[in-house]
Amino acid sequence: MAAARILRLEPALAALNAAAEETRLRLLALLSQSELTVSEIVTILGQSQPRVSRHLKLLVEAGLVERRREGAWAFFRLSPSNQAGAIARDVAAWLDPDDLVLIEDQARLAEVRQARAENAARYFAAHAAEWDDIRSLHVPEARVEDAMCEAVGAAPVRTLLDLGAGAGRMLELFAPLAERAIGVDLSPAMLAVARGRMEETGLRNVQLRQGDIYALPIERNSIDLAIMHQVLHYLDDPARALREAARVLAPGGRLLVIDFAPHQEEALRDKHAHRRLGFSESEIVGLLDQAGLETVLHRALAPETGESAKLTVSLWLARDPRIIADPIPASSYETA
């Protein structure tokens, strides 16, 4: 870990000089707690938008802060992986939390987070009937989530990716296993819901990104565990999405796919924009194989006696077959 902190003199001076100003120190303290937009920062600091943008620009140029575009909005957070970001986190940790200025900033940050949570709650309320309609058709979510947790196991992972993050439930469930978690979704509205959910749960290792599942804003060979939960049936090209998921997996990385088994519920196509009415075991195994992944588990969760559900939920766990220095033991998997 010490080697990762080594920084050459010039960028180290640039990072420290960028941090050496009151407003920018306040920004580092805030961004160590939450990902924020310019408008949110303006509200918290009580400064003009041009002034806030100027300070953020200096922090971004020094590598202390990362700027990420999401539609018409830009989000800022401490740089998660470079050495200057490590300096930023250290500097933020050095600041006295009992300082009056920082206490006031934290109070206004709490108000921003509360507003996010309220917006998320309104969105949930507006769509609750639609989601409840779908949930009523398949086996209880608790059974599905238990099976997912069993398939993934309890071992920690470095980087987790949730593809089609939606409201953030998969991140809530699995981000505690990861050093770093990323949720990708095309919808800014759903990302806003997920962001509110992450604030409520207190998860600080999660980054949310707007992105196309066919062209993920993720580096090749960087993900240890990827999850694609109830996403494929919305897509016009599931094979392409699985190939893109395989592209970002690190050697030995795993991909967990959860979707419906084949069914005849045409209402899901008409009312909820499902393009596919489920997938057979062999179809997904074949697509995973074409993507260069090895299927190590398949499990079908069919409705049990007494359940009103009609649909079976299937799980597939695949892994990148490339050899890694510390391979995951084959005995940790159950093959279908």
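The values are calculated or read from the model by the stated rules, or taken from the named source; none is laboratory data. Treat the numbers as computed from the prediction; the structure is a model and nothing was measured. Counting neighbours? That spans all protein chains shown, and the Cβs are built from the backbone with ideal geometry, glycine included.
Just a few scattered comments:
- Scope segment 303-329; condition loosely packed, with under 13 Cβ neighbours inside 10 Å, modelled with pLDDT under 90 and either closer than 20 Å to residue 232 by Cα or not β-branched (Val, Ile, Thr) (or both); matching residues: 304, 306, 307, 308, 325, 326, 327, 329
- Condition broken by residue 219, with the remaining ones in (1) surrounded by fewer than 22 Cβ atoms within 10 Å (Cβ to Cβ); (2) outside any loop (DSSP other than H, G, I, E, B); (3) of a type in the set (Asp, Glu) satisfied: (2)
- Number of positions in segment 118-146 that are within 22 Å of the chain's Cα centre (by Cα), surrounded by 16 or more Cβ atoms within 10 Å (Cβ to Cβ) and modelled with pLDDT of 65 or more: 2
- Filter pass, residue 256 being without any contact (Cβ under 8 Å) to a residue 60 or more places away in the chain and either under 13 Å from residue 317 (Cα atoms) or crowded, with 18+ Cβ neighbours inside 10 Å (or both): no
- Test: residue in segment 19-34 that is more than 27 Å from residue 193 (Cα to Cα), crowded, with 20+ Cβ neighbours inside 10 Å and touching a Lys or Arg at 6+ places or on another chain (Cβ under 7 Å): no
- Looking at 247, 240, 209, just one residue is part of a strand (DSSP E or B), in the same structural domain as residue 146 (by TED's automatic domain parsing) and surrounded by fewer than 22 Cβ atoms within 10 Å (Cβ to Cβ), and that residue is 209.
- Every residue from segment 65-108 that is assigned to a loop (DSSP other than H, G, I, E, B) and over 12 Å from residue 31 (Cα atoms): 71, 72, 81, 82, 95, 96, 97, 98, 99
- Every condition in (1) surrounded by fewer than 19 Cβ atoms within 10 Å (Cβ to Cβ); (2) at pLDDT 75 or above is met by residue 87 except one, and the failing one is (1).
- Scanning segment 222-251 for residues that are in contact with a Leu (Cβ under 7 Å, 6 or more places away or on another chain) and free of Cβ contacts under 8 Å to residues at least 40 places away in the same chain yields one hit, 244.
- Taking first residues from segment 90-119 that are of a type in the set (S, T, N, Q) and partners that are outside any helix (DSSP H, G or I), the Cβ contacts under 8 Å between residues at least 6 apart in sequence or on separate chains come to 106/33; 106/97.
- All positions within segment 147-181 that are free of Cβ contacts under 8 Å to residues at least 40 places away in the same chain, crowded, with 18+ Cβ neighbours inside 10 Å and closer than 13 Å to residue 223 by Cβ: 181
- Single condition residue 155 does not satisfy, out of (1) assigned to a loop (DSSP other than H, G, I, E, B); (2) aliphatic (A, V, I, L, M); (3) touching an Asp or Glu at 6+ places or on another chain (Cβ under 7 Å): (3)
- Among the residues making up segment 158-196, those that are closer than 19 Å to residue 114 by Cβ, in a helix (DSSP H, G or I) and modelled with pLDDT of 85 or more are 172, 191, 194, 195.
- Within segment 2-45, the residues that satisfy the criterion of being touching a residue at least 40 places away in the same chain (Cβ under 8 Å) and either outside any helix (DSSP H, G or I) or in contact with a Pro (Cβ under 6 Å, 6 or more places away or on another chain) (or both) are 6, 7, 32, 33, 34, 35, 36.
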